[in-house]
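The values are calculated or read from the model by the stated rules, or taken from the named source; none is laboratory data. These figures come from a predicted structure and were not determined experimentally. Here the Cβ is made from the backbone with ideal geometry for all residues, glycine too, and neighbour counts use every protein chain on show.
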Amino acid sequence: MSAVTDDEETVTADSDVDVAIATTINESQGKKDSNTQTKPKDASDKEYTPEQKIVSAVWMHEREFNLHSMEKIKQNFKTRFGIEAPDPSVLEVWEKKLFEHGYIDKPTSSDREMSEEGSDEDGSDDNSDEESE
């Protein structure tokens, strides 16, 4: 009988962990109901790959030229990536970030360090040696 109790406690502990994780996630997303099992309407950026974000941001930006509706963009997203597209407001945020800042996800410090290593420290052009020869 004690084995059953131990198993029940383990299940309860697992359930408590699941509830704690769900609560933490929901609180970080501003949701109050920790029992919600559906994907939040304003899906987290972390749920999507950089490719999905960039491609859909370009589709959003091209809407005025190709006259695609939001439904068409969401359909294209599902066809290409095999998952539901995020809410249109998320797509609009991705478009704005990409075309105003040049990136959707904030570059990490290691990304910045790599780009700085590739730059010429004195700011001169690499072609300056060719011109002086």
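If you go through region 65-102 and pick out every residue that is surrounded by 15 or more Cβ atoms within 10 Å (Cβ to Cβ) and not in a helix (DSSP H, G or I), you end up with 4. Being of a type in the set (Lys, Arg) and at pLDDT below 50 holds for only one residue in Lys74, Lys46, Lys31, and it is Lys31.
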